[in-house]
Amino acid sequence: MTKVYGSNSMYVESAPGLSDFKPVELEYDEAFMFYGTEIVHGALDNLSGGTRISYDFRFSL
């Protein structure tokens, strides 16, 4: 939908418990999948001037 970077992105840690949060940076037409029940994630206030769009799909096996 849109390019995501910096404060208009979601921040995730690289592995459970590391707390080394970095923004997910994606170009148009890219997606990001992760284990949201294991990895701490969140967002900052969007100060980028761009719109933040997200879709949330949850699957359980």
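Details
- Length-normalised contact order of the chain in % [C-alpha pairs under 8 Å, at least 6 apart]: 42
- Largest first, the residues 51, 2 sort by 1.4 Å accessible area into 51, 2.
- A Cβ-based charge dipole, computed about the Cα centre of the chain with Lys and Arg at +1 and Asp and Glu at -1, lands at about 120 debye.
- Environment charge of residue 10, counting only residues whose C-beta is closer than 14 Å and scoring Lys/Arg +1, Asp/Glu -1: -2
- Residue-wise HN-Hα coupling along region 10-25, computed from phi with Karplus coefficients 6.51, -1.76, 1.60 (Hz; x: Gly, Pro): 8, 9, 9, 8, 6, 8, x, x, 7, 6, 9, 5, 9, x, 7, 10
- Given charges at Cβ of Lys, Arg, Asp, Glu: the chain dipole, positive-most of 47, 5, 21: 47
- Distant-in-sequence amide H partners of residue 43 (H built 1.01 Å from N, under 5 Å): 11
- Cα-based Rg of the chain normalised by 2.2 N^0.38 Å, two decimals: 1.14
The values are calculated or read from the model by the stated rules, or taken from the named source; none is laboratory data. Because the structure is predicted, anything quoted here is derived from the model rather than measured. So basically every Cβ, Gly included, is an ideal-geometry build from the backbone, and we count neighbours across all protein chains shown. The area values use the complete protein model at the heavy-atom level, side chains included, leaving out ligands, DNA and RNA. Shrake-Rupley method; radii C 1.70, N 1.55, O 1.52, S 1.80 Å.
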